[in-house]
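J.: One structure, pasted below without further comment.
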Amino acid sequence: MRKKITIVGAGQTGATLAHWLAQRSDVDIVLFDIVEGMPQGKALDLMEAMPIIGSDAKITGTNGWDETADSDIVVITSGLPRKPGMSRDDLLKINAGIVRDVTRNVVAKSPNSILMLLTNPLDAMCHIALQESGFPPERVFGQAGILDTARFSAFIAMELNASVSDVNAYVLGGHGDDMVPLVGSTNVGGIPVSKLIPAERLEAIVDRARKGGGEIVALLKTGSAFYAPSAALAQMIDSVLNDRKRILPCAVFTGQNAGNYGVSGLYLGLPARLGAAGVEEVVSIDLTANEQAALQKSAASVKELVEALKSFDPPMLS
Ligand code: APR
């Protein structure tokens, strides 16, 4: 059966996600944006590519919510990047406002959808979407860990001239400088990475992965990464649409306690089993004492943002 996927925000990431998704014939993709004509133009351009790639995907662009009705999955990429002179709290407030309004509109038209968030600061934006949607947490989650893991894996593969398919790595925690690469359980074709790359080089690779987003911003000068973030979203969507039950690091709600991570009531990057119902399980991985400490630090950073959202006048989170 065909599935309907709405992408809110037809900017760099949203449009590139549509491009990845349009490779499959069984999807109706709606690109939504507030900029008039832009989502329609990108959708038409993509539709004109379909005869070339032989896909029966249908892509429409819109500035109205009616066209998004009855979506199975809604991806929220709408937001502003941080601009010079803007404080972290300014950005937090602006993007929280955008995500709040978008979520209300989405939910009114697609009450049974699964929401996937990309807007930064990601973990905090998931809290807004959870609150505004009233959806159960298994239907509200975010993309970050797949991207962070992919960056770490790509750098290891480059270092060793290895196939990316043989690198098995995991990066957990919040999407930020204190993300938690699980170096101890990272291997290449089954060989622990610590046996293949000297400690000092490995530390430099971890550091590069942590700052991966900033490295691309510095090169692009206008805008941030979009190919890898949108590929990560496409992977999450694939696992849900095909009920593949893949275990992927995603920003998920820890509820009263999810997995063995000792974190409650927060969104955080943890391994999640993604299937037709959304997040079907938060999977426990045994962490070393250092990894556990790093995860707690990362959780504390997310909590700080959540508290900031509660402290605004009027509060963005209750
Ligand atoms: N409703 C719908 N779309 C909106 C809204 C809104 N209220 N506000 C902004 N947008 C749209 C913009 O018009 C723009 O087309 O969101 C799109 C964002 O696209 P880009 O600026 O190209 O940003 P992108 O690189 O795709 O990143 C998306 O991910 O990295 C995070 O938080 C970061 O905002 C960024 C988001």
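J.: Per the helix-only calculation at 222 nm, which mean residue ellipticity applies to the chain, given -39500 (n - 2.57) for every DSSP H run of n ≥ 4 and division by its residues, nearest 500 deg cm²/dmol?
T.: Mean residue ellipticity, 222 nm, calculated: -14000 deg cm²/dmol.
J.: Using only Cα atoms, find the angle between the long axis of helix 88-109 and the longest principal axis of the chain, and express it within 0 to 90 degrees, rounded to the nearest 10.
T.: 50 degrees
J.: Okay, next question. Projecting each Cα onto the charge dipole of the chain (Lys/Arg +1, Asp/Glu -1 at the beta carbon, about the Cα centre), which of Leu182, His19, Ser311 comes out farthest on the positive side?
T.: Farthest along the dipole direction, towards plus: Leu182.
J.: For the chain, find the longest principal axis of its Cα atoms and tell me its angle to the long axis of helix 145-160, 0 to 90°, nearest 10.
T.: 50 degrees
J.: Let me ask something else. Using a 1.4 angstrom probe on the protein heavy atoms only, could you order Arg244, Arg151, Arg210 from most to least accessible area?
T.: The ordering from most to least exposed comes out as Arg244, Arg210, Arg151.
J.: Additional query: With an 8 Å Cα cut-off and a minimum separation of 6 or more residues, compute the relative contact order for the chain in percent.
T.: Computed value for the chain: 16 percent relative contact order.
J.: What net charge is computed for the residues neighbouring Phe152, neighbours being all others with C-beta under 10 Å from the C-beta of Phe152, Lys and Arg scored +1, Asp and Glu -1?
T.: +2
J.: Given charges of +1 on the Cβ of Lys and Arg and -1 on the Cβ of Asp and Glu, with all other atoms neutral, how large is the dipole of region 145-305 about its Cα centre, in debye to the nearest 20?
T.: Here region 145-305 has a charge dipole of around 160 debye.
J.: Could you state the angle between the C-alpha long axis of helix 38-53 and the longest principal axis of the C-alpha atoms of the chain, as a value from 0 to 90 degrees rounded to the nearest 10?
T.: Orientation of helix 38-53: about 80 degrees from the principal axis.
J.: Here is a further query. When DSSP beta bridges are limited to those with both residues in the chain, what percentage is antiparallel, rounded to the nearest 5?
T.: Of all bridge pairs located within the chain, approximately 45 percent are antiparallel.
J.: Going from most exposed to least, what order do Lys3, Lys58 have by accessible area with a 1.4 Å probe?
T.: Highest to lowest solvent-accessible surface, that is Lys58, Lys3.
J.: Let me ask something else. What shape does region 165-308 have by the C-alpha gyration tensor, where a ≥ b ≥ c are the square roots of the eigenvalues, rounded means a/c under 1.5, and otherwise prolate means a/b greater than b/c and oblate the rest?
T.: Rounded is the answer for region 165-308, as its axis ratio a/c remains below 1.5.
The values are calculated or read from the model by the stated rules, or taken from the named source; none is laboratory data. Bear in mind the structure is a predicted one, so any value in this text is a computation, not a measurement. Glycine also receives a Cβ, built like all others from the backbone with ideal geometry; neighbour counts cover every protein chain displayed. Heavy atoms of the whole protein, side chains included, go into the accessibility calculation; ligands, DNA and RNA do not. Shrake-Rupley method; radii C 1.70, N 1.55, O 1.52, S 1.80 Å.
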